[in-house]
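See structure below.
The values are calculated or read from the model by the stated rules, or taken from the named source; none is laboratory data. For clarity, every value in this text was computed on a predicted model and none was experimentally measured. In this analysis, Cβ positions are derived from the backbone assuming ideal geometry, glycine residues included, and neighbour counts consider all displayed protein chains.
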Amino acid sequence: MKRVFSGIQPTGIPHLGNYLGAIRNWVALQADHECIFCLVDLHAITVWQNPADLREQTRQQTAVLLASGIDPVGQILFNQSAVSAHARLAWIFNCVARLGWLNRMTQFKDKAGKDRENHSAGLYVYPNLMAADIMAYKATRVPVGDDQRQHIELANDIAQKFNHDYGVEFFQTIEAFVPPEAARVMSLRDGTKKMSKSDASAQSRIDMTDDADTIALKVRRAKTDPEPLPCAAEGLEGRPEARNLVGLYAVLSGMNVDQVLTQHGGEGFGPFKQALADVLISRIEPIANETRRLLADTAHLDTVLREGAARAGAIAEPIVSEVEKIVGFLK
């Protein structure tokens, strides 16, 4: 079995985009991979977090993952800060990576914008921590979206430079792969923007803790255009909101876009939104209900994370200790 590492930030409530883009694929990977799933709270504090909120959201994210089907016994689920190997290896990688490499990272430029001088150094070097997250376990496969491929390329550059500088063949090449069912989910209020936890409007997203009435209301209020649905996919060109809603229905119902439009082409958005709300509720409501049940027992969630961290540390500690010996630290 290939070892997979993947992480998700415990900030904000997980939404439909997180579920369709990552979480449901994590669940599928468990069938034929050794999986290490991480709540990357060290990454989260690259921008300021309220400490109480961070603790609460870490538990909340854990509950959503378990409710979605992550198996904490067969696989490993833990929070990043509980395993010191991540931070130790990240510092070594800070000393291996070159400034020129980091300057090319487009995600930092996108997040920092014109105000880059006022952002934390952690936000700038977090690709090095991401590389350490993966290589602390010698994971060889990392599920990513297209916007993360550049970080995997950087991780491989760091691995190759480390091996070259120290005359070893210690780190393997990491394979980035986009799962076959990866989905890009857009805002319900603006079909040109990704669904986001940070959007000021709660109406822009379906949260994984929303109840049936809330889901139905958000779908009814979703932005559309005045034209009826087309009968073929080509008719969605230039209609980002229509494309987003049709795409959501297709993914959730196991159909392709043309099949959806064969059924619903020519309809106004009223009937189609009702059909979309029904399929969303059938998928999300059971997860939301189980999440609420799990959140009522925070001691259990803490135990899951603590036991996961112990198992993760048992893998990472000898790997990172060997790296520390290679660079010359007394051990």
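Quick look at the values:
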read-out	value
Checklist (1) assigned to a helix (DSSP H, G or I); (2) buried (at least 16 other Cβ atoms within 10 Å of the Cβ) applied to THR224, failing item	(1)
Whichever residue in the range 140-154 is part of a helix (DSSP H, G or I) and at pLDDT 85 or above and, among such residues, is nearest to VAL4 (Cα to Cα)	ILE152
Scope the range 86-110; condition closer than 17 Å to ILE326 by Cβ and either free of Cβ contacts under 8 Å to residues at least 24 places away in the same chain or outside the structural domain of GLU153 (by TED's automatic domain parsing) (or both); matching residues	TRP91, CYS95
Criterion: exposed (fewer than 15 other Cβ atoms within 10 Å of the Cβ), modelled with pLDDT under 95 and farther than 24 Å from THR214 by Cα - qualifying residue of GLY254, GLY266	GLY266
ARG292 vs. criteria exposed (fewer than 15 other Cβ atoms within 10 Å of the Cβ), within 28 Å of the chain's Cα centre (by Cα) and at pLDDT 95 or above	yes
Qualifying positions in the range 196-208 - at pLDDT 95 or above, in a loop (DSSP other than H, G, I, E, B) and either surrounded by fewer than 17 Cβ atoms within 10 Å (Cβ to Cβ) or not aliphatic (A, V, I, L, M) (or both)	ARG205
Criterion (touching a helix residue (DSSP H, G or I) at 6+ places or on another chain (Cβ under 9 Å) and over 17 Å from PRO14 (Cα atoms)) met by exactly one of ASP225, ASP211, ASP207	ASP225
Hits in the range 154-197 - residues which are charged (D, E, K, R) and free of Cβ contacts under 8 Å to residues at least 12 places away in the same chain	GLU169, LYS193
Some residue of the range 196-208 being over 22 Å from the mean Cα position of the chain (by Cα) and over 22 Å from ALA22 (Cα atoms)	no
Criterion: at pLDDT below 95 and of a type outside the set (Phe, Trp, Tyr) - qualifying residue of ASP53, ASP32, ASP41	ASP32
Inter-residue pairs, beta-carbon under 8 Å, first over 16 Å from PRO127 (Cβ atoms) and without any contact (Cβ under 8 Å) to a residue 60 or more places away in the chain and in the range 3-14, second part of a loop (DSSP other than H, G, I, E, B) and of a type in the set (Val, Ile, Thr), 6+ apart	ILE8/VAL40
